[in-house]
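To start, the structure under review is shown below, and the notes come after it.
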Amino acid sequence: MFILGIDEAGRGPLIGDMFVVAVALSSDDLTTLAEAGVRDSKKLSPTARVRLFNVIITYSKYLFIRRFPPDMIDLNNINLLFINAIKSSVKTAYALGIEPSEIYVDSTSNTQKIIDSLIKLVRKDTKLIVEYKADEKYVAVASASIIAKVLRDAYIGYLKTTYGDFGSGYPSDFRTIKWVEEVLRSSGSLPPIIRKSWKTIKKLGRHRKTLEDYG
């Protein structure tokens, strides 16, 4: 019996990609991972996440990873991208002979849309749970959240070697906003790692235009 957990990392940042991960585990594996310390990635230190990343990879029976770069996010609804990735993870699992008896998905919005999209794909006897903060309740989802978070953090680290330290990449981070403002002042354009459709960027653009008009 396989349990499939699905989560993402990087839905809300201004900078960088969104990673969507699905992990299939056996019920025995869930117990082992829980005992190893697997829980919501946000409640773990970076060192603990990396350690558990390797443990989860070892026990996983199926691992699905999809990465959405900023330009794709700018051209599409990010919620629909997440739903499409969820559907793809389930379809791919079935194609590989992995038929989960239970599927758990972490959802921050569009819960009913996710349920509706999956009901059409899964077997009638499949237990389907789509919940807010599912990564805090279910080990399978926590496992997916750890994989997604470690992969995204590693990728963000790589981006910083090219673009410099832009902080966390979230709109609420003063370092991130300061970095974006400096980039706009120095080059007048934004690098491809930024989600240009985010409201924060539009506000910064209008503010910069006002300064040019009245400066």
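Computed quantities for the displayed model
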quantity	calculated
Cross-chain or 6+ apart pairs with Cβ under 6 Å, the stretch 172-192 first and farther than 22 Å from ASP74 by Cα, then not hydroxyl-bearing (Ser, Thr, Tyr)	ARG175/GLY167
Matching residues in the stretch 1-47 - criterion: being small (Gly, Ala, Ser), more than 20 Å from ASP153 (Cβ to Cβ) and under 21 Å from the mean Cα position of the chain (by Cα)	ALA24
Every pair of residues 6+ apart whose Cβ atoms lie under 9 Å, when the first sits in the stretch 95-108 and is free of Cβ contacts under 8 Å to residues at least 40 places away in the same chain while the second is acidic (Asp, Glu)	SER107/GLU131
Residues of the stretch 94-135 that turn out to be surrounded by fewer than 15 Cβ atoms within 10 Å (Cβ to Cβ), assigned to a loop (DSSP other than H, G, I, E, B) and not hydrophobic (A, V, I, L, M, F, W, C), as a count	10
Matching residues in the stretch 128-172 - criterion: being among the charged types (D, E, K, R) and under 12 Å from GLY5 (Cβ atoms)	GLU131, ASP135, LYS137
So ILE114, is it closer than 18 Å to LEU4 by Cβ and touching a Lys or Arg at 6+ places or on another chain (Cβ under 7 Å)	no
Single residue of the stretch 189-215 satisfying the filter (at pLDDT 50 or above and of a type in the set (A, V, I, L, M)) that is farthest from MET18 (Cα to Cα)	LEU204
All helices (runs of 4 or more DSSP H) inside the stretch 1-93 with 2 or more residues being farther than 24 Å from ILE114 by Cβ and modelled with pLDDT of 95 or more	27-36, 46-59
Matching residues in the stretch 143-184 - criterion: being among the β-branched types (Val, Ile, Thr) and farther than 15 Å from PRO13 by Cβ	ILE146, ILE147, VAL150, THR161, THR162, VAL183
Pairs with Cβ under 9 Å, 6+ apart, first in the stretch 16-28 and within 14 Å of ILE98 (Cα to Cα), second part of a strand (DSSP E or B) and among the hydroxyl-bearing types (Ser, Thr, Tyr)	ALA22/TYR62; VAL23/TYR62; ALA24/TYR62; LEU25/TYR62
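The values are calculated or read from the model by the stated rules, or taken from the named source; none is laboratory data. Keep in mind that this is a model prediction, so the values were computed, not measured. Cβ atoms come from the backbone with ideal geometry, glycine included; neighbour counts cover every protein chain shown.
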